[in-house]
Amino acid sequence: MEYRKGKTVSGGIAVGRLKYFEKKKQRIEPKTVSDTDAEVRRYQDAAEKAAAQLRELAEKTKKVAGAKNAEIFEVHAMLLEDVGFVAAVEDVIRLRRADAEYAVWRTGEDMARMFEAMSDNPYMQMRAADMRDISSRLLTILKGDETGMQPLSEPVILLAMDLAPGETVQLDQNSLLGFVTRFGSANSHTAILAGTMGIPALAGVEIKPEWDGCMGILDGRDGSLYVDPDEETLARLQREKQEEKKFRQYLEGLKEKEDITLDGTNVRLYANIGNINDAEAALSFGARGIGLFRSEYLYLESDYFPDEETLFGVYRHVAELMGGKKAIIRTLDIGADKQVNYFRLGKEENPALGCRAIRICLQRPEILKTQLRAIYRAGLYGNLSVMFPMIISVDEVRAAKQIAQEVKEELRAEGAPFAEHMETGIMIETPAAALISGELAKEVDFFSIGTNDLTQYTLAVDRRNQELEPFYDVHHPAVLQLIAMTVSNAHAHGIRAGICGELGADLELTETFLRMGVDELSVSPSAVLPMRNKIRSLDLRNAG
Ligand code: PEP
Ligand code: MG
């Protein structure tokens, strides 16, 4: 038996034969052509066929993974038809008298590398994989191959260096038990698709071609891959797979159930989101609201400041989608690890302690004003709240509220319809905010504790430094005491306190948090049902 550990891309257990999938060699050498017009036409025909394939894939994806996931192929169609791309391919054919295959490969590679170089923008970096997917689709058509991926004859766990979204959705779900890749990240489109299609998947595993045909077990719970498992391991994981299946079915049955403990304590069980897709996922997992909309993702995905109408469109969509359920929109949390070029933030020695979040918004109020205008206007379409991040002082909260007041006055003067009465909250993410939470509570309607940053700043441990992981002790008593203090100060002033950092989803601490009086837990959409199950099993009358 061989054992490898990777990153979980999509949970669940898969047991079956391993199939090693090798992509054809992609590097292409140029050939000289005499009739460049004919070669351009050949390329244009291939592009038309590729567009037709993408439409078909979009249809297929809609069926297996929903409309939102099908958008990936619309992005591909856009990149395929992008005037810059088309002109560049045609230029290579005409100016270098090169064949269409080389022109497509060269242009695709150049553009992919350009996207890869955008190291401060992970969203644009993801476009590199999309670009390669498109050029390999065009090459397959130009070379007359049917498809790079042969249909699978029996259910297998696929091993590949990487998988493009197009390849993932093309795989017959009934034949694909799971997949393991050498490259690829948990944020890639392939990963998102795998999660939506419910296929267990791992990335970052050093796969070997000689494993082809061996039995394998993929355990997405802890990122394990067993090759040629011994009988005992096989029997154990088969059993756990059955149990897991039953447990998932049981959790599905909790979707409509209340978030209430055995002694009758009600908890607001909300979800954290970064975009509209996540909001849909939150609802489908039975979340009762959105406790944190990380609004900065709209800025991270863009190359320029999103305008008011763009922001309004997204916030309104989320508000409408949620019906009357609450959605808390956190204002921009740019800076530190979330860098955006067009903000021109400048280099800092210590970005986590630098110009980020509310600090940027107070220094450049026009950015915050645009966002707040969009939020207040969208507030008419649902139950929205606004929340300010990274607070350290009462003055900051007052300054942010003052800007909010000005925005409302401007909207009123313009006669623009907007939600007059919207709850305003702040995140408690710094030890300073927790320590003065009694003062801060007088200023706002609710607190949401961001334990990711609160832990980082309390323990003075960079949350992104993997080498420091042993020191990033999320159960540290200092952090727990600051949480307890915050909740108690909130209640003393008659306001709510929730947790929206990762620690809120830690089932080992749910009882502790509820005993502290935490009113709201906001977790990732897929953690909602396990959390509901936990809440419903607790009895706070028992001695803690
Ligand atoms: C937090 O710090 O806990 C939090 C929820 O904010 P983010 O993870 O986006 O910094
Ligand atoms: Mg934070």
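The values are calculated or read from the model by the stated rules, or taken from the named source; none is laboratory data. Owing to the predicted nature of the structure, the values given are computational and were not obtained by experimental measurement. Every residue, glycine among them, receives a Cβ derived from its backbone with ideal geometry; neighbour counts consider all protein chains shown.
How about the stretch 434-446: which of its residues are of a type in the set (Gly, Ala, Ser) and either within 16 Å of ligand 1 (Cβ to nearest atom) or not in a helix (DSSP H, G or I) (or both)? Spell out the reasoning first.
Within the stretch 434-446, the first condition is being of a type in the set (Gly, Ala, Ser), and the residues that meet it are 434, 437-438, 441.
Correct list: Ala434, Ser437, Ala441.
Tell me, which residue of the stretch 360-379 that is of a type in the set (A, V, I, L, M, F, W, C) and free of Cβ contacts under 8 Å to residues at least 60 places away in the same chain is nearest to Thr310 (Cα to Cα)? Even if it seems obvious, please write down each step before you answer.
Taking the stretch 360-379 and keeping what is of a type in the set (A, V, I, L, M, F, W, C), we get 360-362, 367-368, 372, 374-375, 378.
With free of Cβ contacts under 8 Å to residues at least 60 places away in the same chain added as a condition, the list becomes 360-362, 368, 372.
Working: Ile360: 21, Cys361: 19, Leu362: 22, Leu368: 14, Leu372: 13 Å.
Here the answer is Leu372.
Of the conditions (1) at pLDDT below 85; (2) not in a helix (DSSP H, G or I), Lys63 clears all except one; give me its number.
Unmet for Lys63, out of (1) at pLDDT below 85; (2) not in a helix (DSSP H, G or I): (2).
So Val92 fits all but one of (1) surrounded by 19 or more Cβ atoms within 10 Å (Cβ to Cβ); (2) touching a residue at least 24 places away in the same chain (Cβ under 8 Å); what number is the exception?
(2)
What pairs can you find where one residue is in the stretch 317-333 and away from ligand 1 (no atom under 16 Å from the Cβ), the other is among the small types (Gly, Ala, Ser) and at pLDDT below 95, and their Cβ atoms are less than 9 Å apart, with a gap of 6+ or different chains?
His317/Ala279; Val318/Ala279; Leu321/Ala279; Met322/Ala279; Met322/Ala282
Checking Arg356 against (1) charged (D, E, K, R); (2) more than 24 Å from the chain's Cα centre (by Cα); (3) at pLDDT below 95, which single condition isn't satisfied?
(2)
Evaluate the following for Phe446: is it within 26 Å of Lys338 (Cα to Cα), aromatic (Phe, Trp, Tyr) and surrounded by fewer than 17 Cβ atoms within 10 Å (Cβ to Cβ)?
No: the conditions fail for Phe446.
With (1) part of a helix (DSSP H, G or I); (2) within 25 Å of the chain's Cα centre (by Cα); (3) under 28 Å from Gly438 (Cα atoms) as the list, and Thr370 as the residue in question, which single condition is left unmet?
Looking at each condition in turn, Thr370 falls short on (3).
So which of Ala88, Ala58 ends up being aliphatic (A, V, I, L, M) and more than 30 Å from Leu321 (Cβ to Cβ)?
Values: Ala58 fails: more than 30 Å from Leu321 (Cβ to Cβ).
Result: Ala88 is the single residue among Ala88, Ala58 that is aliphatic (A, V, I, L, M) and more than 30 Å from Leu321 (Cβ to Cβ).
For the stretch 2-21, how many residues meet the condition of being farther than 14 Å from Met161 by Cα and assigned to a loop (DSSP other than H, G, I, E, B)?
The qualifying residues number 2.
Are there any pairs, at least 6 apart or on different chains, whose C-beta atoms fall under 7 Å, with the first in the stretch 467-483 and surrounded by 13 or more Cβ atoms within 10 Å (Cβ to Cβ) and the second modelled with pLDDT under 90, and if so, which?
Leu468/Asp462; Tyr472/Arg463
Within the stretch 334-359, which residues are within 11 Å of ligand 1 (Cβ to nearest atom) and either touching a strand residue (DSSP E or B) at 6+ places or on another chain (Cβ under 8 Å) or in contact (Cβ under 8 Å) with a residue 24 or more places away in the chain (or both)? Before the answer, list the steps.
Going through the stretch 334-359, the residues within 11 Å of ligand 1 (Cβ to nearest atom) turn out to be 334-338, 352, 356-357.
Result: Ile334, Gly335, Asp337, Lys338, Ala352, Arg356, Ala357.
Look at the stretch 505-522 and say how many of its residues are in contact with a Gly (Cβ under 8 Å, 6 or more places away or on another chain) and either at pLDDT below 95 or crowded, with 20+ Cβ neighbours inside 10 Å (or both).
6
Would you confirm whether or not the stretch 403-416 contains a residue that is of a type outside the set (A, V, I, L, M) and within 16 Å of ligand 1 (Cβ to nearest atom)?
So in the stretch 403-416, the residues of a type outside the set (A, V, I, L, M) come out as 405-406, 408-410, 412, 414-415.
From what's left, within 16 Å of ligand 1 (Cβ to nearest atom): none.
No, that holds for no residue.
Okay, residues lined up against (1) over 23 Å from Ser524 (Cβ atoms); (2) away from ligand 2 (no atom under 16 Å from the Cβ); (3) assigned to a loop (DSSP other than H, G, I, E, B); (4) more than 25 Å from the chain's Cα centre (by Cα):
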{"site": "Ser448", "(1), (2), (3), (4)": "no, no, no, no"}
{"site": "Thr455", "(1), (2), (3), (4)": "no, no, no, no"}
{"site": "Glu467", "(1), (2), (3), (4)": "yes, yes, no, no"}
{"site": "Ala490", "(1), (2), (3), (4)": "yes, yes, no, yes"}
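I want to confirm something. Restricting to the stretch 249-271 and keeping residues that are surrounded by 12 or more Cβ atoms within 10 Å (Cβ to Cβ) and in a strand (DSSP E or B), which single residue is farthest from ligand 1 (Cβ to nearest atom)?
From the stretch 249-271, those surrounded by 12 or more Cβ atoms within 10 Å (Cβ to Cβ) are 251, 254-255, 257-262, 265, 267-271; that's our starting set.
If we keep only those that are in a strand (DSSP E or B) as well, we get 260, 268-271.
Values: Ile260: 25, Arg268: 16, Leu269: 16, Tyr270: 12, Ala271: 12 Å.
Looking at the filtered set, the residue picked out is Ile260.
So, Leu292, is that one under 28 Å from Gln402 (Cα atoms), crowded, with 19+ Cβ neighbours inside 10 Å, at pLDDT 90 or above and within 13 Å of ligand 1 (Cβ to nearest atom) or not? It would help to see each step written out before you state the result.
Details: under 28 Å from Gln402 (Cα atoms): yes; crowded, with 19+ Cβ neighbours inside 10 Å: yes; at pLDDT 90 or above: yes; within 13 Å of ligand 1 (Cβ to nearest atom): yes.
Here the answer is yes, as Leu292 does meet what is asked.
Condition (residue is at pLDDT 95 or above, in contact with a helix residue (DSSP H, G or I) (Cβ under 7 Å, 6 or more places away or on another chain) and of a type outside the set (Lys, Arg)) applied to the stretch 464-475: is it met by at least one residue?
no
Tell me yes or no: at least one residue of the stretch 47-54 is under 32 Å from the mean Cα position of the chain (by Cα), closer than 22 Å to Ala203 by Cβ, modelled with pLDDT under 90 and surrounded by 13 or more Cβ atoms within 10 Å (Cβ to Cβ).
No, the stretch 47-54 contains no residue that is under 32 Å from the mean Cα position of the chain (by Cα), closer than 22 Å to Ala203 by Cβ, modelled with pLDDT under 90 and surrounded by 13 or more Cβ atoms within 10 Å (Cβ to Cβ).
Listed here are the residues, each with its yes/no results for (1) within 16 Å of ligand 2 (Cβ to nearest atom); (2) assigned to a helix (DSSP H, G or I); (3) modelled with pLDDT of 95 or more.
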{"residue": "Leu384", "(1), (2), (3)": "no, no, yes"}
{"residue": "Met387", "(1), (2), (3)": "yes, no, yes"}
{"residue": "Ile391", "(1), (2), (3)": "yes, no, yes"}
{"residue": "Ala399", "(1), (2), (3)": "no, yes, yes"}
{"residue": "Gln405", "(1), (2), (3)": "no, yes, yes"}
{"residue": "Glu410", "(1), (2), (3)": "no, yes, yes"}
{"residue": "Ala416", "(1), (2), (3)": "no, no, yes"}
{"residue": "Ile426", "(1), (2), (3)": "yes, no, yes"}
{"residue": "Ala432", "(1), (2), (3)": "yes, yes, yes"}
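Within the stretch 526-536, can one find any residue that is assigned to a loop (DSSP other than H, G, I, E, B) and either modelled with pLDDT of 95 or more or over 26 Å from Asn350 (Cβ atoms) (or both)?
Step one: list which residues in the stretch 526-536 are assigned to a loop (DSSP other than H, G, I, E, B), which gives none.
The answer is no; no qualifying residue exists.
Within the stretch 272-289, which residues are touching a helix residue (DSSP H, G or I) at 6+ places or on another chain (Cβ under 6 Å), more than 17 Å from Asn69 (Cβ to Cβ) and surrounded by fewer than 24 Cβ atoms within 10 Å (Cβ to Cβ)?
Gly286
Based on what the data block shows, is Asp462 within 16 Å of ligand 1 (Cβ to nearest atom), among the charged types (D, E, K, R), touching a residue at least 60 places away in the same chain (Cβ under 8 Å) and closer than 28 Å to Thr424 by Cα?
Working: within 16 Å of ligand 1 (Cβ to nearest atom): yes; among the charged types (D, E, K, R): yes; touching a residue at least 60 places away in the same chain (Cβ under 8 Å): yes; closer than 28 Å to Thr424 by Cα: no.
In short, no.
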